[in-house]
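Taking it in order: structure first as structure tokens, then the write-up.
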């Protein structure tokens, strides 16, 4: 999940914030930091000024780390780094390190947008973006997947196209088994030290929250605070819970539609229409006509049940998309598949996702601990079924993955001040996970946002969430945060009609 997802149309969060907002005070509070000291000059010595699209000022560079951190032999891989320097001439010494989601997304890919969103935070602190190993421009474990502008049908594949992944793993210039959360966070701490920072603040979303927890476990002395949006605990065993949690979140969306008079009148039975749509896939894939975005000519791609359910779930990540679900399902029920087809093509056409890194991490940290006998039981009665788990297990059967020590999953208390932010409608990282994290983070607070999905939402009052986050990082504690502004947030209205079709592109 990208930075823009987290703050604008998350995935990467709307009518009842008041009912869903809770802030649990921590049992133990840390005293606010002493007066800030001048940030180290090392950063400007290590990195060079660079001019990137949309950025008025940035520092760029690379830092090499051993691919094999245990033997410290073989080759090194360069980690791509961008620092958005603080605007203050006397900044605080502890920067904000942004950890991207996925796993597989690079932190630097959203640098320009992050510079804008984090404008207030940058008044006093550097913001540091590091593409962790296997992502972005840090020896990315990218795989060529089907689909292109000339082959829209190719995009509509399973999430894990096995033939393409088998071909990919043979071509990778990497040992995929050396790309784990632990190695990535040890790399990150090495970068921290090289840049001259003694302590850092972590800002993380989705999978990035797991990476942050790993950092806090392994390098607690260098962590001042951590913001965790859409918390993924170490024991989550993704994607084992995805079908159940996605169904629960979708049922909440349907309930919200029923509670909104206009949505209820337009779509009185979205749950029944979804069941009817799923049943039609038993007779074969769906088909409809689209205008090709490149040629302007009509094309007729087909949509499999697996691509449909994956696309549906992806729309649950964001308020600007989940509010369209009753409408899209109704159109599909009436035989109009074009809205879902367009959404599916856009979803699968994502060059920023290093799927190889995703497999290296999840095959080792999640899939290896899934009991195959329990999958069907967990997925029973859900629209997603067991497709996702079966596909991912099939890919992990041949993908090289680390064998982790049992200590990786052992429960441990982490004293670092933490603010957890959860969305009530999150299909991926349910709010119950953050609510249960008190045992792990005793010095924490949990902000539950009723309209948030896989991110905080707050489209009607984006300044609210950002102000809460700025206060948290400024104080270095979640104790006493004023979150009252969240009560004023409102979910976007459900979409009731499709927008007018754009004119086809001119064909030379």
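Computed from the coordinates by the stated procedures, all read-outs in this text should not be read as laboratory data. Please read these numbers as outputs of a predicted model, since none were measured by experiment. We place every Cβ from the backbone using ideal geometry, glycine too, and count neighbours over all the protein chains shown.
Structure data summary
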| quantity | calculated |
| --- | --- |
| Relative packing of peptides 224-237, 324-337, 202-215, 66-79 - highest average C-beta neighbours within 10 Å first | 202-215, 224-237, 324-337, 66-79 |
| Cα-derived Rg to Rh of segment 256-335, Kirkwood definition | 1.01 |
| Kirkwood Rh, angstrom, the chain [1 / mean 1/r, Cα pairs] | 23.5 |
| Ranked list, fewest to most other Cβ atoms within 10 Å of each Cβ, for 81, 248, 465 | 248, 81, 465 |
| Neighbour-count ranking [beta-carbon atoms within 10 angstrom, fewest first] of 377, 244, 313 | 377, 244, 313 |
| Proxy reagent accessibility, fewest Cβ within 10 Å first, across 297, 87 | 297, 87 |
| Considering only the chain, percent of DSSP beta bridges that pair antiparallel, nearest 5 | 50 |
| Inter-probe distance in nm under a simple model that places probes 7 Å from Cα toward Cβ, at residue 405 and residue 432 | 3.2 |
| Shape call, segment 343-426: gyration tensor on alpha carbons, a/c limit 1.5 | rounded |
| Tensor-based shape of segment 292-342 (alpha-carbon gyration tensor, a/c under 1.5 rounded, otherwise prolate or oblate) | prolate |
| FRET E, pair residue 275, residue 71, Förster distance 51 Å, beta-carbon r, rounded to 0.05 | 0.40 |
| Gained length - residue 218 relative to residue 398, 0.36 nm times residue gap less alpha-carbon distance | 61.8 nm |
| Calculated Rg and Dmax of segment 148-244 using C-alpha coordinates, Å | 17.8, 52 |
